[in-house]
Structure formats: structure tokens, C-alpha cells
Amino acid sequence: MNVLQIARITFLEARWRKILWAVILLGLAFLLVFSTGFYFMWRDVTRSGLASAVSVLEPVNFFLLAGMYGIAFLGVALALLISVDTLAGEITSGTIQTLVTKPLRRWEVVAGKWLGLAVMLTAFIVLMCAALMGIIWIIGDYVPRNPVPAVLLIVLEGLIVLTLSILGGTRLGSLANGVVVFMLYGLAFIAGWIEQIGALLRNEAAINIGIVVSLLMPSEAMWRRAAYLLQPPAMSAFGMEATPFGASSAPSPLMVAYAAGYVAVMLLLAIRLFTTRDL
Amino acid sequence: MLIETARLRKEYGELVAVQDLDLSVTEGEVFGFLGPNGAGKTTTVKMLLGLVKPSGGLASVLGRPPGTPEAMRRIGFLPEHFRFPPWLTARDFLDMHARLYGMTAEARRERIPALLDRVGLGGRGRSKLGEYSKGMQQRVGLAQALLNRPALVFLDEPTSGLDPVGRYEVREIIRELRGEGVTVFLNSHYLSEVEVTCDRVAIVKGGRLMRVGTLAELTQGANEVEIEARGLDGETLAGLARWGEVTADAETPVGTRKVTLQMTGDDALPQIAAYVVGRGAQLYALTPQRPSLEELFMRVMAEERA
Ligand SMILES: Nc1ncnc2c1ncn2[C@@H]1O[C@H](COP(=O)(O)OP(=O)(O)OP(=O)(O)O)[C@@H](O)[C@H]1O
Ligand SMILES: [Mg+2]
């Protein structure tokens, strides 16, 4: 009950701070730019006959992946921005003292904030992905394979970042927390590339670096599995999967389970660190 | 006992912020917790609220360990430092906190405007907290501390940043709370404020409890007496030494002599009067001086340095 109350406050706070409106407007702008660009480019591609020539590769899929990648990145940025200040900022301002001296338990504060932000983030990613796939379907008459699991993976990627930044906020200041989480994300991104290229070159060391970093920060791995699920099987057959947005070495379902567990453990750790600290 | 601590202690590394504090606060009293900057007042309150984990010792508040929801339901708290969310209006802010107490919509509708009136913000409930002055924020904080009609209120320097009217109003609120049987734990270093509002006072210094008692208890004893007389000769003066040390001796412009005698307790006053008169002096005044809270405070502050 208290968890829901805190989640509600967290949500209202985003509204009061006009974050909600900013996100809605920028999301619409993203979709507008994407659909306009896609419309004109796709017209050229179909006119030139290129599309039918390589139809087995489903060229429209490239646009889909690019758009989805954009949403995944926005999701990560949003996850970080809405959560980086949530505990850290309230600890600094002292507001947290009036909150945790209410008749509730500290774990409820962390869980409630996580829940409120997670719902917002999930809504954002799901709606954006749905809109993007709708645009592709209307203009390009194309529906990707496995849309639902792919979207869920992108949500999971956002939740990883969100949970890490809530965890950081229990002990770090806002700025330090933002820097640490974003660096981790960047690290995972680079390691993902090293692993991709390593897979193409059959380089064991590169692949292992990628795997180790994915275990430390599984965000990028979720995107790569999402991309793998979205792209046509013919891509892999042609060995052309290492486009900027595609995936050649796809993380296994086990990795997805690991990432889900990772989120749970980080959240529990955040609760633990928050309940044991002085305020 | 509403609050009881035994050897309550908090260390920050080398620094001992609160040292083996034994305190008890009874129901219905206004308890003043006095001390200089850094004495450990805020740290103590935070331990009593479960915000800070003690390094040692025991504390019970409303018969429960600090910070348990059952106790917090009946506790109000005004923190020392806070900057409330600037994008919220006072009403929304109070509404948010009232919900956390589980107050119904009806209760909130009735309670919040009444409280805003009580802290002198009646007309400003719809302004954003970011537009409030420091003193107005302080008042909102106070309203927040009273939302749940608490049985026990912790006020950490409630009048900091308030204008004289605001200070007076806070004193009035504390008086009203006492009238309602609410126990108030008041952290302050405004001695005059404590003097007029508190039933009992504790003085802390460097994390240690130096004095505790009612104002009358604390300020009695260790008196000095001022003797004003004409015709006090040296021999008479020397004879006063049996009651205490003479610390001041001066001629007044009207030709009398004013002598200050350090002594403990009031018991010897009649004997001193009889002695002075018996020695043939004309006694104009014999005035026992009770130390003010300020003098007591200063004396306590000086104690350990010596
Ligand atoms: N989080 C902390 N980390 C380290 N030391 C601390 C911390 N909080 C308080 N202290 C130290 O503990 C001591 C007591 O601090 P406290 O805030 O309780 O004093 P106070 O009596 O409330 O003072 P003031 O009148 O200035 O508000 C101080 O020496 C302070 O430096
Ligand atoms: Mg203080």
C-alpha cells in the first residue's frame, strides 16, 4: 500500500516537474522525424527496384532496427535522467527526512520509487515501439518477427539502467551517480562492439571481454538480443549481421534470465544500502 | 515515559557526536534540548527518529524502538535543514504527506487549510514552495509536522529563519500543543525561547549531557547575593566570609557600599541581614541573584574548559 503511495508520488512528481510533458513532446518529435525520413527514403528504395532485388534481406528491417535502436537509446537516457536524482537529490535537500519519518518502512520508499519510475519507463518504451512498428507497417507494409519479446528486452535494458541508478543514488550524489551509471552503459556498449567484431573474426579474447562486461552490465546485451530477434534469419545466413544496429553474436536466453536476476539483485541491494544508511 | 534513552551513543569515526546519553521525557511536557553548535542535538533527534543508527546504547520512543511505523504514526518532525520540492504548492505538499499518514480525503480537506492558517500561511496555500521565503518554508515544515495530530513532536530549531512575529507564533503553537497534552521535544539555542516555553531543559555540550531538570531546579542554588549598605567597615566585610566569597565591592554614587557575595542556597539570607544590621550598618538592600538560563548556559559552557 505504501509502495503504491510512493509510486504515485513519484509519478506525480514527474508531472509536476513537467518531465512528463517534455518526454511526450520529444517522443512525438522523434516519431515525426522518423516517419518523414522513412517515408521519403523508402519511396526511393522501392522506386529504384533495390528493394525487390534484395528482398530476401528485408531491407525495410534496416529502418526498423535503426528506429528501435533510437528508442532503446532514448529509453536508457530517460531511465537515467528520471532516476539519477530521485534518492540522491532528496537526501541532499533533506526532503527524505520528512518522508522516511512517516509511518512507513524504508524499503517501501525505494520499492515505490522504483515501481513508479519503472512503470513510466515501460510505458514510454512500449508506446514508442508500438508507434514505430505501426509507422513501418503503414508505410512499408512490414511486420518484424518477434516484436513482443524484442520490445520486452528493450524495456529490460532500460530497467537495468534505472535500477543501477537508483542503487547508486542511495550512496552517491546525483552527479557522481549519473557519471558512474552512464560510464557503465558506455563500457557495455563498447564491449558489445568488441564482442561483435570478435565474433566475426572468430577472436576468443574479444568475445570473452564482451561476455565479462555483459555480466557486469547487461544492458547492451539486451539490445543485441532484441536486434537478433527482430532481424530476418537470412541476415545471419549471408553473414551481414554486423550492421550498426544488428547483432551477429546474439546473447542467449540464459543471458536474459541473468539480466532479470541482475535487476532483482540490484534492487534488493539498493534497498539494503538505503535502509542501513544514516540520513 | 514517552522517550527513554540509555547510554545512547553516536560516533562518526573519531568524533563522538553523542556520548552515553541517558534521557527521559515524560508525557505532556515541553522538553528543551539546549546546546551550542555541534553539541549533538540534531544527531540525538535523528537517532530518536530512526534516521541515524546509534553506535551504541538503547532508545525507546512511545514505547517502541525508534523509527517503527507504529510509533511514527503518532510522531511529527520538523527537520533542521530541508529544502522542500520547489515545484509543489504548499497544499499539494501537505496533501502528499497527509496521504502517507493514511488520512482520508475528507480529513485532508479539513486539516490542511486549518493548519496553513495556524502557521500563518492561510492565503498562500496555492503558491509554489519555490516561491516561498525561508521563513515561509519553515512554517510549511511546521505544518507538515502537525498533520497527523501527533502525540509527540520533534522540532529541530523551529524558529530559525523566522521573523519576530513568526517566533512569537511558534511559541504560541508550542503552548497550544502543550495545552492539548502533546509532548514537544524542542532543539534550540535560543535561550529566551526555551525559557518561556519549556517545562524541562537539558543542556548538552560536546555530545555529553551536562544538566537536566526544570528551569527552577537548574537555576536555583549557586546564588550570589548583593548587599547594599551604608557604614560597612572592613571588619564587617571580612566577617561575611563565613557565608561565602566576596567577589565585588564598590562605592555607589549615593555613598553606600555594594558588595557581592557568592553563596549556595537561600538559607543564610536572614542570618546575613541580622549580621550586617548587628554590626551597626544601615542595610538598604539584600538581593539574592538567581542565575538566568543564559548565565547558567554560559557557566556550563565554561565548565570543562577550566
Ligand atoms: N553525517 C555526519 N558525519 C560526520 N560528522 C557528523 C555528521 N553529522 C553530524 N556530525 C558531527 O556530529 C557533531 C554533532 O552534530 P549535530 O548536528 O548533532 O549538532 P547540533 O547540536 O545539532 O548543532 P547545531 O546547533 O549547529 O545544529 C558535530 O561535531 C558534527 O560535525
Ligand atoms: Mg542541529
Only Lys, Arg (+1) and Asp, Glu (-1) charged, at Cβ; the protein assembly as shown dipole about Cα centre in debye: 1700
Mean Kyte hydropathy of -0.5 or more with a Cα span along the axis of at least 24 Å, helices from DSSP in chain A: A:19-48, A:60-83, A:106-140, A:147-169, A:174-201, A:253-275
Spatially proximal aspartates and glutamates relative to B:LYS46 (Cα-Cα < 15 Å; intrachain offsets below 8 disregarded): A:ASP278, B:GLU4, B:GLU11, B:GLU80, B:ASP156, B:GLU157
Charge dipole magnitude, Cβ of K and R +1, D and E -1 - chain A, Cα centre, debye nearest 20: 680
With DNA, RNA and ligands ignored, accessible area of A:PHE189 (1.4 Å probe; Å², nearest 10): 60
Solvent-accessible surface ranking, highest first, for A:THR95, A:THR276 at 1.4 angstrom: A:THR276, A:THR95
Contour minus Cα-Cα distance for B:ALA273 and B:GLU11 (0.36 nm per residue): 89.0 nm
Charge tally in the Cβ shell below 15 Å around A:SER35, where Lys, Arg are +1 and Asp, Glu are -1, A:SER35 excluded: 0
Amide proton proximity set for B:VAL16, modelled H, under 5 Å, gap of 5+: none
Listing of region B:82-101 residues, each with accessible area lower by at least 50 Å² in the full protein assembly than in the chain alone (probe 1.4 Å): B:ARG83, B:TRP87, B:MET96, B:ARG99, B:LEU100
Environment charge of A:GLY178, counting only residues whose C-beta is closer than 14 Å and scoring Lys/Arg +1, Asp/Glu -1: 0
Accessible surface ranking that places the most exposed of A:TRP193, B:TRP243 first, with a 1.4 angstrom probe: A:TRP193, B:TRP243
Solvent-accessible ranking of B:TRP87, A:TRP21, A:TRP107, A:TRP42, largest area first, probe 1.4 Å: A:TRP21, A:TRP107, B:TRP87, A:TRP42
Peptide ranges B:49-61, B:275-287 listed from the most packed, as the mean C-beta count within 10 angstrom indicates: B:49-61, B:275-287
Label point at B:ASP163 placed 7 Å out along Cα→Cβ; residues across region B:119-141 whose backbone nitrogen lies under 15 Å: B:120-124, B:132-139
Surface accessible to a 1.4 Å probe, per residue, for the residues of region A:2-276, Å²: 44
Alpha-carbon centroids, region A:117-167 and region B:214-246: separation in whole Å: 86
Residue-wise HN-Hα coupling along region B:212-217, computed from phi with Karplus coefficients 6.51, -1.76, 1.60 (Hz; x: Gly, Pro): 8, x, 6, 4, 4, 4
Amide H partners (placed H, <5 Å) of B:GLY56, local residues excluded: B:ARG9
Most positive-pole-ward Cα, B:ILE3, A:VAL161, B:ALA273, against dipole of the protein assembly as shown from beta carbon charges: A:VAL161
Theoretical FRET efficiency, 1/(1+(r/R0)^6), r = Cβ-Cβ of A:ARG15 and A:ALA257, R0 30 Å, to 0.05: 0.30
Protein heavy-atom accessible area occluded, A/B pair - total, 1.4 Å probe, Å²: 2500
Accessible area of B:ARG83 in the full protein assembly, 1.4 Å probe (Å², nearest 10): 130
HN-Hα J in Hz across region B:9-26 - Karplus 6.51, -1.76, 1.60, θ = phi - 60°, x for Gly and Pro: 8, 9, 10, 10, x, 6, 7, 9, 7, 9, 10, 6, 8, 10, 9, 9, 10, 9
Distance from region A:19-43 to region B:7-24 (C-alpha centre basis), Å: 59
Karplus-derived 3J(HN,Hα), 6.51/-1.76/1.60, for each residue of region B:226-237, Hz, glycine and proline x: 9, 10, 10, 8, 10, x, 7, 9, x, 5, 4, 4
Mean Cα-pair separation over length for chain B, i.e. relative contact order, pairs under 8 Å, 6 or more apart, %: 19
Cα-projected label distance for A:TRP137 with B:LYS134, points at 7 Å along beta-carbon direction, nm: 6.0
Amide H within-cut-off set for B:PHE185, under 5 Å, with H built and near neighbours excluded: B:PHE31, B:VAL153, B:PHE154, B:LEU155
Solvent accessible area, Å² - A:LEU269, 1.4 Å probe, full protein context: 70
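The values are calculated or read from the model by the stated rules, or taken from the named source; none is laboratory data. The structure presented is a predicted model; accordingly, all values stated were derived computationally and were not measured. Methodologically, a virtual Cβ is constructed for each residue, glycine included, from the backbone with ideal geometry; neighbour enumeration extends over all protein chains shown. Ligands, DNA and RNA are stripped out before the accessible areas are found, and what is left, the full protein with its side chains, is counted by its heavy atoms. Shrake-Rupley method; radii C 1.70, N 1.55, O 1.52, S 1.80 Å.
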